[in-house]
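One structure is given here, and the rest of the page talks about it.
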Amino acid sequence: MVVLHYLSQITVGEYNIMLRIRLSRTGAKKQPSYRIVVTDVEAKRDGRIVERIGYYNPRTEPTEYRIEEDRALYWLSVGAQPSDPVRRLLDKQGTFERLGRLRKGEDSDALVAEYMGLEIEQEIGTEAVGTAVAEAILTMDEEE
């Protein structure tokens with residue numbers, strides 16, 4: 001029996017692997033919280049990961065989640081496929097709309113800045129945009 005995967009193969013070193021963005025469960029018994037991770041499609045649910053890009057807590061009201069937009073855009077652009085729950089979170093966040101604009105040629109730093117709510121003028125160079133995005137990320141990490 002042949003199982004077909006509709007995932008893109010990504011070369012890491014000398015290996016070709018298919019990547020998936022999915023949830024990895026954490027938390028105590030009957031108190032789930034999840035990490036949003038990029039992993040090999042054949043890895044176990046809580047097994048080896050490539051990168052952790054966010055978290056999701058369904059137990060809060062409203063549900064709390066945070067996905068690093070720049071990393072999500074990167075992994076989606078190189079072919080990683082999201083699971084259905086992660087796809088819904090990315091849709092809610094607007095990542096797929098920005099991914100389409102990234103594929104059409106828009107600058108990724110400007111798209112991330114738009115997600116974070118930063119005002120960026122067109123005359124500013126890409127280096128200044130990158131600096132503004134990095135500063136916003138640092139301040140968000142300090143708040144946590």
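What follows draws every value from the coordinates through simple rules; no lab data is involved. From a predicted model like this one, the values you see are computed outputs, not experimental measurements. Positions of Cβ are generated from backbone atoms using ideal geometry, with glycine treated the same way; all protein chains shown enter the neighbour counts.
Annotations
- Listed by chain and number, the lysines whose C-alpha is less than 20 Å from the C-alpha of K29, apart from same-chain residues fewer than 8 away, are K44.
- Pairs of alpha carbons in the stretch 9-106 whose separation is greater than 15 Å (percent): 62 percent
- For I53, residues with placed amide H under 5 Å, excluding near neighbours: I36, V37, V38
- At R0 = 41 Å, FRET efficiency that the Cβ-Cβ distance of E106 and E64 yields, to 0.05: 0.90
- Ranked list, fewest to most other Cβ atoms within 10 Å of each Cβ, for Y34, Y65: Y65, Y34
- Distance between the pseudo-spin-label points of D91 and V78 (7 Å out from Cα toward the beta carbon): 2.7 nm.
- Nearby lysines by direct alpha-carbon distance to K104 (threshold 27 angstrom, same-chain neighbours under 8 apart not counted): K92
- Ranked for footprinting exposure by Cβ neighbours inside 10 Å, fewest first, L99, L73 give L99, L73.
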